[in-house]
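Notes follow the structure.
The values are calculated or read from the model by the stated rules, or taken from the named source; none is laboratory data. Computed from a predicted structure; not experimentally measured. Every residue, glycine as well, gets a Cβ built from its backbone with ideal geometry; the counts of neighbours run over all protein chains shown. Remember, those area values only see protein heavy atoms, side chains included, never the ligands or the DNA or RNA. Shrake-Rupley method; radii C 1.70, N 1.55, O 1.52, S 1.80 Å.
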Amino acid sequence: MKPELIQDIYPLSPAQQGMLFHSLVDDASGVYVVQVGFTLVGSLAHSAFKSAWQKLIDRHDLLRTAFVWENVESPLQVVGKKASFKLAELPSETDLADWLSEDRKKGFQLTAAPLFRVATLPLGPNKTRVIWTYHHLVLDGWSLPLLFQEWLQHYTSAQPQLSPALPYKDYIRWLGQRDDKVAIDYWKRYLDG
């Protein structure tokens with residue numbers, strides 16, 4: 001990534017370090033590639049649909065994050081100032097099970113953001129299946145419903161009422177300030193016996 005396109009650079013969390021390691025050791029396993037599907041009922045508003053995903057990317061640093069591990073002392077996450085996604089619009093005759101399997105096998109190029117993609121599959125005149133595929137490096141089970149709820153607000157409202165997004169680097173900074181000895185002592189006492 002060109003320096004003028006970079007917003008921030010910081011280390012990985014311990015969980016991210018483990019996921020990156022396992023992803024690099026066996027990138028074909030797809031173990032950290034997550035697929036979430038949901039059905040939209042009603043006419044799909046294509047422009048609002050695409051715009052809502054882009055607004056998530058613009059608002060959340062992690063969705064503009066790529067990972068670097070070569071020629072650096074330790075792996076880093078690099079937040080771009082911008083990133084855009086491509087929407088795959090599947091034909092109605094697509095075999096969803098086969099497509100999901102192939103999509104998972106594709107994995108992600110971890111050095112390029114965003115580490116998610118979206119596909120739509122028409123199920124009829126007023127139903128659309130949406131598949132949101134992402135890498136666990138940038139999104140976890142706790143954050144997923146929050147981002148999904150925010151996406152819905154962007155999709156259904158021109159002016160969603162959202163509180164400011166906290167940058168992920170704040171969490172990384174907090175992790176770096178923790179006293180590991182205190183945590184180790186706590187867990188030793190907790191697990192004793």
Whenever you get a sec, compute what percent of the accessible area on region 1-95 sits on carbon and sulfur atoms (1.4 Å probe). 54
For region 1-135, give the magnitude of the charge dipole about the Cα centre (Cβ charges: +1 Lys/Arg, -1 Asp/Glu; no others), in debye to the nearest 20. 520
Sequence-distant aspartates and glutamates (8 or more away, or on other chains) whose Cα lies within less than 13 Å of residue 55: 150
Positive-end extreme of charge dipole, region 63-157 - chosen from 125, 110, 156 (charges on Cβ): 156
Angle check, please: helix 143-156 long axis (alpha carbons) against the longest principal axis of the chain (alpha carbons), in degrees 0 to 90, nearest 10. 30
Angle between the Cα long axis of helix 180-191 and the longest principal axis of the chain, 0 to 90 degrees, nearest 10? 80
Reachable aspartates and glutamates, given that their alpha-carbon falls under 15 Å from the alpha-carbon of residue 188 and they are not under 8 places away in the same chain: 179, 180
Along the charge dipole of the chain, Cβ charges K/R +1 and D/E -1, which of 137, 165, 90 sits furthest on the positive end? 165
To make sure I understand the rule: partners must be aspartates and glutamates, Cα under 17 Å from the Cα of residue 105, and not fewer than 8 residues away in the same chain. Which ones qualify? 26, 27, 95
Compute the accessible area per residue over the chain, keeping the other protein chains in place, probe 1.4 Å, unit Å². 62
Are there any trypsin sites (Lys or Arg not before Pro) in region 34-142 that are in a DSSP loop and have at most 15 other Cβ atoms within 10 Å? List them by number. 81, 82, 86
If you line up the long axis of helix 168-177 against the longest principal axis of the chain, both from Cα atoms, how many degrees apart are they, to the nearest 10? 10
What distance in nm lies between label points placed 7 Å from Cα along the C-beta direction at residue 170 and residue 129? 3.9
Net charge, residue 30 excluded, C-beta distance under 14 Å - Lys, Arg +1, Asp, Glu -1: 0
Distance in nm between label sites at residue 186 and residue 162, each 7 Å beyond Cα in the beta-carbon direction? 3.1
